[in-house]
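Here is the structure we will look at, set down as structure tokens.
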Amino acid sequence: MKTLSQKIRTSIWQETPNPDNSFYPEYSFCHGFDFYNELLESKNFIELLFLTFTGDLPTKSQELHLSLLLSSVMNSGPRDLANRAAMSAAAGGAPAGSALIAGLCASTGKKEGGGAVQTVMEMITELRKKHRDKGIKQIPYSRIEKEYSRHGSIFGYGTLYGKKDSHAEKLTSLLYKNNFDGPGLRLFLKLGKSVEKRAGEWPRLYGVFASSLLDLGFSPLQGHGVYMLANGIGMLGFVCERYEQHWTDFPTWFTHGTYEYHPDILALKKERV
């Protein structure tokens, strides 16, 4: 029987102890770089995120690529199911951290959340391995549909409220404009042509995000979390805004008619008082 380890093993972070106090870290290294004396002053959040997950500092091109991907999914809007879960918790009086966690739990799902991002990345990885020597056109569509679909839709494709996802189109356009079209994205879009022809569905934003993140060297599991990390920024914004309003200002039932833009939430709060 294997004994339980008494040490945390990691290749990401190393601390060297102070000579006079072994618990106090004299130096802290992230993948070999002095974090507080070197990285903190010279590198931004995007660069440090890339370093944490890949073990290397990004090139300027990789930094811009990752920044574009994270920005594209940082705010899904108030009708997003995960954001609604977070806002519901906030409207009910839950602390901000708890409301955020409620939303993040919803955003881990396999429909359009972090789980879906992970599945798309796994699908593209498997397709590239299995069919390295043949083009996507030689892969029977029925086999792809059988192995990589959920409720009739292949992972990463579908519609946005019944229409083609214009957000996915815009991100794709920007990726190509900046020469960020790697093999993962190209395979995903190539498969998308078959999906459109056979099922009348198109690439979704999370699918473009997932396949392009794969091109930056992120693993499917990392992609799951990175998507949620980015998506949580807009979510936290909605949570904090919720506390500026009365709980009765949040609808019990959510339909298309219950969404309204109000430029001054504080003024709305004063009106109710």
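Read-outs throughout are calculated quantities, based only on the coordinates presented, and are distinct from any laboratory measurement. Because the structure is a prediction, the values reported are computed rather than measured. All Cβ positions, even for glycine, are placed from backbone atoms using ideal geometry, and neighbour counts span all protein chains on display.
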Listed residues Tyr148, Tyr206, Tyr36; largest mean-square fluctuation, Gaussian network over the chain with Cα springs below 10 Å, found at Tyr36
From the phi angles alone, apply the Karplus equation (6.51, -1.76, 1.60; θ = phi - 60°) to the range 58-65 and give each ³J(HN,Hα) in whole Hz, x where the residue is Gly or Pro. x, 6, 4, 5, 5, 4, 5, 4
Considering only His224, His65, His246, give the residue with the highest GNM mean-square fluctuation for the chain, with springs between Cα atoms whenever their separation is below 10 Å. His246
The size of the Cβ-based charge dipole (Lys, Arg +1; Asp, Glu -1) of the chain about the Cα centre, to the nearest 20 debye, is 1580 debye
Long-range amide H contacts for Gly158: which residues qualify at under 5 Å (H placed 1.01 Å from N, peptide plane, sequence gap of 5 or more or a different chain)? Trp202, Arg204
Can you give the helix-only mean residue ellipticity at 222 nm for the chain, where every DSSP H stretch with n ≥ 4 adds -39500 (n - 2.57) and the sum goes over all residues, rounded to the nearest 500 deg cm²/dmol? -16500 deg cm²/dmol
For Cα pairs less than 8 Å apart in space and 6+ apart in sequence, what is the mean separation divided by the residue count of the chain, i.e. the relative contact order in percent? 22 percent
Other residues with Cβ under 15 Å from the Cβ of Ala116 give, with Lys and Arg +1 and Asp and Glu -1, a net charge of -1
Using +1 at the Cβ of each Lys and Arg and -1 at the Cβ of each Asp and Glu in the chain, identify which of His246, Leu187, Met228 lies farthest towards the dipole's positive end. Leu187
For the charge dipole of the chain, defined by +1 on Lys and Arg C-beta atoms and -1 on Asp and Glu C-beta atoms about the Cα centroid, which residue among Gly32, Ser107, Ala199 has the Cα displaced farthest towards the positive pole? Ala199
Once you put a point 7 Å from the Cα of Ser28 and another 7 Å from the Cα of Leu64, both along the Cβ direction, what distance in nm separates them? 3.2 nm
Cβ-based exposure ranking for Arg143, Arg204, in which fewest neighbours within 10 Å come first: Arg143, Arg204
Considering the options Gly152, Ile8, Ser142, tell which one lies farthest towards the positive end of the dipole of the chain, charges being +1 on Lys and Arg and -1 on Asp and Glu at the Cβ, about the Cα centre. Ser142
The ³J(HN,Hα) series, computed from each phi in the range 231-243 with the Karplus coefficients 6.51, -1.76 and 1.60 at θ = phi - 60°, rounded to the nearest Hz and given as x for glycine or proline, is 5, x, 5, x, 4, 5, x, 5, 4, 5, 5, 4, 6
Distant-in-sequence amide H partners of Tyr27 (H built 1.01 Å from N, under 5 Å): Thr16
By average Cβ neighbour count within 10 Å, what is the ranking of 164-172, 194-202, 1-9 from highest down? 164-172, 194-202, 1-9
Charges at C-beta only: +1 for Lys and Arg, -1 for Asp and Glu. How large is the resulting dipole of the range 31-132 about its Cα centre, in Debye rounded to 20? 640 debye
Residues with amide H under 5 Å of Lys111's amide H, sequence separation 5 or more or different chain, H placed in the peptide plane at 1.01 Å from N; which? Ala116
Using a simple charge model, +1 on the beta-carbon of Lys and Arg, -1 on the beta-carbon of Asp and Glu, nothing else, what dipole does the range 88-210 show about its Cα centre, in debye to the nearest 20? 500 debye
Tabulate in residue order the Karplus-calculated ³J(HN,Hα) for the range 196-211, using 6.51 cos²θ - 1.76 cosθ + 1.60 with θ = phi - 60°, rounded to whole Hz; enter x for Gly and Pro. 5, 5, 8, 10, x, 10, 10, x, 9, 4, 5, x, 5, 4, 5, 5
Using a Gaussian network for the chain with springs between C-alpha atoms less than 10 Å apart, which of these wobbles most: Phe238, Phe35, Phe53? Phe35
